[in-house]
Structure formats: structure tokens, C-alpha cells
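Remarks on the structure that follows.
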Amino acid sequence: MIRLAANLSMLFSEHDFLDRFAAAAEAGFRGVEYLFPYAHSPEDIKTALDEAGLEQVLFNLPPGDWEAGERGIASLPGREAEFRDSVVEALRYAEALDCPRVHAMAGLLPPDADPETQAAHQTTYLANLRFAAGEAARVGRELLIEPINTRDMPGFFLSRQAQAMAVLEEVNQPSLRLQFDLYHCQIMDGDLIKHLERQFERIGHVQIAGVPQRHEPDVGEVHYPALFARLEALGYMGWVGCEYRPAAGTREGLGWGREHGLAP
């Protein structure tokens, strides 16, 4: 049975962040993910998790200056020391929250990036991922990379499935795995089941949303029941993160999850 995790950055946003854990549990979720925990102490988040009986399954490394438009720093030349500090901070939270995996956002290319600039970003990205994957492995965690579509996030350095797989091969560390977001993949590459099959052995986490509006996964051009069936047939044992924006209220849109074990 597919295990659904609520993305608390998008779902239950009618509640304050620390109150979303209880709301997710009341709706039937047993796992949660979100973008960033750093506005709250790990102790406060752990209390919210424990009181709700939830498992923490994923969050992101610090992304740089999010409010100023930064979307990760892993590929940004000149920011290596900051990236290393972000790895230490994320793994500190991961240990406190018993979270098995963290995601390193690649960051944005400059709008006028020439081949030399792109090559510098690639070199920086690979070196930073080698460091971060090694640190994650040392404390029993996984590091994830995720191709993100350039419609939602113009200029994102890592946007294609083939690009991500090449990075995994180049870094060549078992602790570095793929965050396979079916929403992003559909927009950039399509052919979801074939990508899923080709990349399955490297997938550490799966995320979903309806395409193209990023609403509930039962609306739009992607037929998720077929994808869930293929995941189960392949033997996927991980979580499926519900990283979508509810079209109305969160609870009102959760009917699609009933056949996948989501029971209030």
C-alpha cells in the first residue's frame, strides 16, 4: 500500500505551522514533509511530531536567501562554505527529528549564463554533493537531489531527469539518491512510467501533484492510480509526498486518498 506523507508547506496552511502536524494526523496521514524547519527549534518540531504520532520523512537544506529569490545554493560558485554550514545544520535537525533524508536544492543559474558559467556551476555542484553525501552517510542519512521544472522555477540548475541521473553517476555515492517528483517530471520530460522504471533503483523519495495546476492529484492530465500501481509492482517501500496546493480547503480535497489508505 502506498504511504502518503503530507507536505506541511502546502497542505493545512489554514493552521499555524506547528498546528499542522495534528491536523495532518487527524486527516489520516502518518508521515509529513515540508520545505524548511529552521524557523522553529528541533525540540518544538519533535514535540509536534510525537504528540501527533507522525514520522518525519523529508525536508530541505537551508536554501540561501529564500525571500530574496534564492532557491538553493548547492551549485553556486563562491558559496561553498555556506553550503557546508547548511549541511551541518540540516543534519543536526535530521538527527533530532529522526528524519532519514534531506534534499539539497541546486539553485538558480544567472539569466545570462554562458557555457563557462554553467560549467562552473556544474563543478561546484558535484563537489558540494560529494561533501554533503559523505556527511549524510556518516550519520546514517540520505541526501536527495530533485529536478525542478523551469516553468515554476525559471533558471533552476537541475531540471531534467537525464541530468539528475548523470549527476548521480558522476558523484557515485550510495547515500546520494533521487527525489522523483512526478509533477516536475511530467512538465519537463513526460513519459512518467518509463522514467520511473529506468530510475527506480536510484529513487529515494517520490512526490506528487496534479498537472498542470499543481492541485490535487486526481485532477489534471496525470493518471496517478496507474503510477501508484507501478510503484507497488516495482516494490517501492518509501513515502509519497503530497506536495500540492489544495484547490479549496485541504480536508475538502482529500477524498482521492481514501483508496490509498488515507483514513481520518
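Here are some notes:
- Taken over segment 152-176, residues that are open to solvent by less than 60 Å² (accessible area, probe 1.4 Å) and either in contact (Cβ under 8 Å) with a residue 40 or more places away in the chain or in contact with a Pro (Cβ under 7 Å, 6 or more places away or on another chain) (or both) amount to 14.
- Residue within segment 63-70 that is free of Cβ contacts under 8 Å to residues at least 40 places away in the same chain, of a type in the set (A, V, I, L, M, F, W, C) and over 26 Å from GLU43 (Cα atoms) present: yes
- Scanning segment 64-79 turns up no residue that is within 18 Å of GLY204 (Cα to Cα) and touching a helix residue (DSSP H, G or I) at 6+ places or on another chain (Cβ under 6 Å).
- Residue check, GLN213 of a type outside the set (Phe, Trp, Tyr) and open to solvent by less than 10 Å² (accessible area, probe 1.4 Å): no
- Segment 236-256: number of residues that are in contact with a Pro (Cβ under 9 Å, 6 or more places away or on another chain) and either within 14 Å of GLN207 (Cβ to Cβ) or touching a residue at least 12 places away in the same chain (Cβ under 8 Å) (or both): 6
- Enumeration of residues in segment 250-264 that are open to solvent by 20 Å² or more (accessible area, probe 1.4 Å) and not aromatic (Phe, Trp, Tyr): ARG251, GLU252, GLY255, ARG258, GLU259, HIS260, GLY261, ALA263, PRO264
- Criterion (within 22 Å of GLN207 (Cβ to Cβ), open to solvent by less than 10 Å² (accessible area, probe 1.4 Å) and without any contact (Cβ under 8 Å) to a residue 60 or more places away in the chain) met by exactly one of ASN128, ASN149: ASN149
- Those residues of segment 216-235 which are free of Cβ contacts under 8 Å to residues at least 12 places away in the same chain and either open to solvent by 70 Å² or more (accessible area, probe 1.4 Å) or at positive phi (or both), in sequence order: GLY220, HIS223, ALA233, GLY235
- Scanning segment 121-146 for residues that are assigned to a helix (DSSP H, G or I) and β-branched (Val, Ile, Thr), we see that the one that is farthest from GLN56 (Cα to Cα) is THR123.
- Flag if PRO111 is at pLDDT below 95 and not charged (D, E, K, R): yes
- For segment 131-146, the candidate set comprises residues that are more than 22 Å from LEU196 (Cα to Cα) and touching a helix residue (DSSP H, G or I) at 6+ places or on another chain (Cβ under 7 Å); within that set, the residue that is surrounded by the most Cβ atoms within 10 Å (Cβ to Cβ) is ALA132.
- Qualifying position, being more than 19 Å from SER175 (Cα to Cα) and either touching a Pro at 6+ places or on another chain (Cβ under 9 Å) or free of Cβ contacts under 8 Å to residues at least 12 places away in the same chain (or both), among GLN122, GLN118: GLN118
The values are calculated or read from the model by the stated rules, or taken from the named source; none is laboratory data. The structure displayed is predicted, hence computed values, not measured ones. Cβ atoms come from the backbone with ideal geometry, glycine included; neighbour counts cover every protein chain shown. Accessible surface areas use protein heavy atoms only, side chains included; no ligands, DNA or RNA. Shrake-Rupley method; radii C 1.70, N 1.55, O 1.52, S 1.80 Å.
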